[in-house]
Amino acid sequence: MKYYVDFITKKATDRLTAFEKIKMIIRLVRQNRVLIIESGLTSEEQAELIKQTMMVIDFDNFIGVEFFNWNRGPTESRRFFKKLPQSNDAKYTVVAPSAAVQVIENSEDLLSIELEPKSAG
Amino acid sequence: MSSWISKILSRKRKKDIRLAFYGEVNAGKTTLANRIANDLGHEDLGPVSEIPHETRKVVKLENARLKKDGYELNFTLMDMPGIATTVDYRNFVKFGLTESEAIQRAKEATKGILEAIKMIDQVDVALIILDSTKTPFEQVNLTIIGNLQLQKIPIIIIANKTDLPDSRPELVRQTFSDQRIVAVSAKTGDNVSALYEAIKKMS
């Protein structure tokens, strides 16, 4: 199994509604892509990512996602279907297919992951 | 007394406060919910298991009454399914379930996670139960807390499993230094009285 790493710029996601953004993330992650998203995900988007992930898990080909967010400042409200740029303090989020990821270290300052295909991958 | 506490209690004094138990899978939510239910004179809310996703539907206990130092609070306890970003039935097979049982459990687990997230805006106070033997940086905890804060729902963070040797409640305190933290062992009941104190201070 091959995995790919995609860096997605803030400019690319600012063009999308939050709904479109989550749809795009799910679509790419299901194509075995590890995403580094410059704009990060708001708390609402994170919850939506979990919800949409639960709706598309099929147990054989896709068992879910792992994501890691550095957007830990004050939580920002963003209307879900509106195209609104995020605040300047937004940072990045890593989203990966769960079947691919082994977390080596996850602390306040460092995320270290190993891409290691597991059985469901 | 914090203004949000005053607000929530003045609004809810006449009726039940919906007290929700949120957190990751196997953080000890049901163990704590059972402990509180028992302390308040009720039976367990649900079974506890080492197999992940034992709680797959929201379980409610209405009319749970806390009497403390002359004050009385009425709760609806809401034990939420554990939040996860991945569900793999193979993990359940490792615990001895058949494949069909494991797949059924996994399907129910995904629905339960959806239900738990959708209900975030339907609670009055949330207990966020963390397994204090693990890193507090688990993303689902941060996601839950962020969404509760967006809804302006007051939270108490529970650093659970203090009976275990690897427990590090001080790390939870450092990580969430701006939040109300109570370190407990839901299993042994150690320091659960401090949680009642924290809840009582809301009055």
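Computed values, structure above
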{"item": "Sum of side-chain charges, B:Ile199 neighbourhood, beta-carbon under 11 Å (Lys, Arg +1; Asp, Glu -1)", "result": "+3"}
{"item": "Debye, to nearest 20: dipole size of the stretch B:95-168, +1 on Lys, Arg Cβ, -1 on Asp, Glu Cβ", "result": "160 debye"}
{"item": "Euclidean distance of C-alpha centroids, the stretch B:28-72 and the stretch A:96-110, integer Å", "result": "33 Å"}
{"item": "Alpha carbon centroid spacing (whole Å) that separates the stretch B:135-203 from the stretch A:1-65", "result": "29 Å"}
{"item": "Length-normalised contact order for chain B - Cα pairs under 8 Å, 6+ apart - percent", "result": "23 percent"}
{"item": "Loop sites in the stretch A:6-56: trypsin sites (Lys or Arg not before Pro), DSSP, at most 12 other Cβ within 10 Å", "result": "A:Arg15"}
{"item": "Per-residue [θ]222 nm for chain B (sum of -39500 (n - 2.57) over DSSP H runs n ≥ 4, rounded to 500)", "result": "-11000 deg cm²/dmol"}
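Bear in mind that the values in this text are calculations on the coordinates, not laboratory data. Computed from a prediction, not measured in an experiment: that's the story for all the values here. Glycine also receives a Cβ, built like all others from the backbone with ideal geometry; neighbour counts cover every protein chain displayed.
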